[in-house]
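Read the structure below first, then the notes.
The values are calculated or read from the model by the stated rules, or taken from the named source; none is laboratory data. Just so you know, these numbers come straight off a predicted model, no measurement behind them. For neighbour counting, all protein chains shown are included, and Cβ atoms are generated from backbone atoms with ideal geometry for every residue, glycine included.
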Amino acid sequence: MKSYEVLVIPPKTHATEHPAPEILTAAEVARELRCSKAHVSKAIAGKLPHVTALPAISLGRRKLVRRSALFRWLDANEQAMISPSPETTTWTREEMK
């Protein structure tokens, strides 16, 4: 009787197939934040009311964001929303544009 050796290869998971990139495009940031690319562009330009500018790397017209910078930016702005200062609690119509 012959004996056989069985080699078990675990299936690949999504995380091992495509590790998350460290540098994100505006479209990828928009997907992470579940918003539009235009909204991300405004965040990078610092044109969102009561939100600090999203740090980005400029390559000509192209803007790239480090994943770590995105998470730090989210944390910082989340903390600002938890404890807003008195002057940032009301928005004017101009700030909403």
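Applying the selection to the stretch 31-64, what residues are among the aliphatic types (A, V, I, L, M), under 20 Å from M81 (Cα atoms), part of a loop (DSSP other than H, G, I, E, B) and touching a strand residue (DSSP E or B) at 6+ places or on another chain (Cβ under 8 Å)?
Once the filter is applied, which keeps residues that are among the aliphatic types (A, V, I, L, M), under 20 Å from M81 (Cα atoms), part of a loop (DSSP other than H, G, I, E, B) and touching a strand residue (DSSP E or B) at 6+ places or on another chain (Cβ under 8 Å), the stretch 31-64 yields only L54.
Tell me, yes or no, whether the stretch 8-30 has at least one residue that is part of a strand (DSSP E or B), at pLDDT 95 or above and not hydrophobic (A, V, I, L, M, F, W, C).
The answer is yes; a qualifying residue exists.
Go through the stretch 32-45 and count every residue that is surrounded by 13 or more Cβ atoms within 10 Å (Cβ to Cβ) and of a type in the set (K, R).
Looking only at that region, the number is 2.
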